[in-house]
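Engineer: My questions will all concern the structure given below.
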Amino acid sequence: MIIDAYSHAMPLNYREELLKMNINDHLYIPPFLCDMDERRASLEADTPIRFVATPMQLPLNRDLSSQTFAKLARIYNEGMAELQTKNDDLIWAAVAAVPLDDIDNAVTEAKYAIEQLGMKGILLPCNFRGEEPASPRLKPLLKFMAQYDLPIWLHPWPAATSRQFVPNSGGWEMLADTADAMLHLACSGIFEEEPNIKFVAHHGGSYIPFFHTRLKSQYFWDMGSKGPMYAPDFEEADHTVPFIYYENLKKFYVDTAFYGICTPQIQACISYFGVDHVLFGTDYPLPSGRELPLAIKSMEQLSLSSGDKDAIYERNVAKLLHLEI
């Protein structure tokens, strides 16, 4: 069995609610995002696969009331739970949306989604209107998820950035958003405060598995040294981060959603995060569903034991979500 640990789905009633509000933030919606019969038809018959369905984000860049955000989250979560129940041959687990504008509402919705709907985690944007997921305001939500020992899926959200990226750059700004969020979380102290906290970073952890040595030598420092590794004469309080936080980067779980034939990229993730922290995930059905067979082909080209491949395909995510395969 293959489990796509980072896919997307959208209940049709949630989509209809957005359209009623004249919200169409996602310009291209593949039919098999909402329609599970279309999804079945899009899959290769000889590929046994099920999905962990994550939200397509609430419309975070819209000026909506807290009541409206809470309503949209509830519509999504209840619709997704129903979609999973009716299509459990496809949807193996579902991840909840939470209304981040009000932290009390966010915790309440997460509790409802997990305890009443059986959802297996929440999705958190890598920034909420410029606010980092490691911000003090959001900490009660992170602590709540640590108590349940269920993961937080991190998803980039570039709407808040003021940087002008190249148009249609394939989500280049999203990679920056993910790496920045991971760095903030690693240095926030949340891993020390809550040992059970777990995050799933999209797109293989972005730049981290490729540039971690640069981060180590230019941003982090060894607490046993006399000063920053890159500039020993700088003031420690202003220019250093304890080296222990560097090790926190390896505590993230990452998917394999690089797109195209991406065998070297997946290998880089395995080398840095470890095979037990890599989950097969493709972003399906985005951008069009064509990435799924390419991701499988990339996996099969890896020089891994069958046990390690099985871990990435299914065992790691099953352990993370406390589910039987």
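Engineer: Sequence neighbours fewer than 8 away in the same chain don't count; with that in mind, list the lysines whose C-alpha is under 29 Å from LYS297.
Structural biologist: By straight Cα distance, LYS297 reaches LYS120, LYS198, LYS250, LYS251, LYS309, LYS319.
Engineer: Starting from the Cα-Cα distance between LEU294 and PHE211, subtract it from 0.36 nm times their residue separation and give me the gain in nm to one decimal.
Structural biologist: Residue separation times 0.36 nm, minus the Cα-Cα distance, leaves 27.4 nm.
Engineer: What full-extension length gain, to one decimal in nm, is calculated for ARG40 and THR68 as 0.36 nm per residue of separation minus the Cα-Cα distance? Before the final figure, lay out each step's value.
Structural biologist: Working: separation 28, 0.36 × 28 = 10.08 nm, distance 3.28 nm.
Between ARG40 and THR68, full extension yields 6.8 nm more.
Engineer: For GLY204, what is the net charge nearby, where nearby means another residue's Cβ is under 15 Å from its Cβ and Lys, Arg count +1, Asp, Glu -1?
Structural biologist: Numbers: positive: LYS250; negative: ASP4, ASP177, ASP255, ASP283, GLU291.
Net local charge, GLY204 excluded: -4.
Engineer: Using alpha carbons only, how many degrees (0 to 90, rounded to 10) separate the axis of helix 208-218 from the longest principal axis of the chain?
Structural biologist: Taking Cα atoms only, the helix is inclined about 20 degrees.
Engineer: How do 41-54, 257-270 rank on mean C-beta neighbours within 10 Å, highest first?
Structural biologist: 257-270, 41-54
Engineer: Please determine, in degrees from 0 to 90 and to the nearest 10, the orientation of helix 139-148 with respect to the longest principal axis defined by the Cα atoms of the chain, where the helix direction is its Cα long axis.
Structural biologist: Helix 139-148 sits roughly 70 degrees off the main axis of the chain.
Engineer: Considering only protein heavy atoms and a probe of 1.4 Å, how much of the accessible area of the chain is carbon and sulfur, as a whole percent?
Structural biologist: 51 percent
Engineer: Separate question: Tell me, what HN-Hα J-couplings in whole Hz come from the Karplus equation 6.51 cos²θ - 1.76 cosθ + 1.60 at θ = phi - 60° for each residue of region 69-76, using x for Gly and Pro?
Structural biologist: 4, 5, 5, 5, 4, 5, 4, 4
Engineer: Which value results for Rg/Rh of the chain when Rg is the Cα radius of gyration and Rh the Kirkwood radius based on the inverse mean 1/r? Display every interim value, and only then the final one.
Structural biologist: On the way: Rg = 19.5 Å, Rh = 20.3 Å.
Rounded to two decimals, Rg/Rh equals 0.96.
Engineer: Computed FRET efficiency, Cβ-Cβ of ASP102 and SER306, R0 51 Å: what is it to the nearest 0.05?
Structural biologist: Rounded to the nearest 0.05, the efficiency is 0.60.
The values are calculated or read from the model by the stated rules, or taken from the named source; none is laboratory data. This structure is a prediction, so every number in the text was calculated from the model and none was measured. In this analysis, Cβ positions are derived from the backbone assuming ideal geometry, glycine residues included, and neighbour counts consider all displayed protein chains. Note: areas computed on protein heavy atoms with side chains; ligands, DNA, RNA excluded. Shrake-Rupley method; radii C 1.70, N 1.55, O 1.52, S 1.80 Å.
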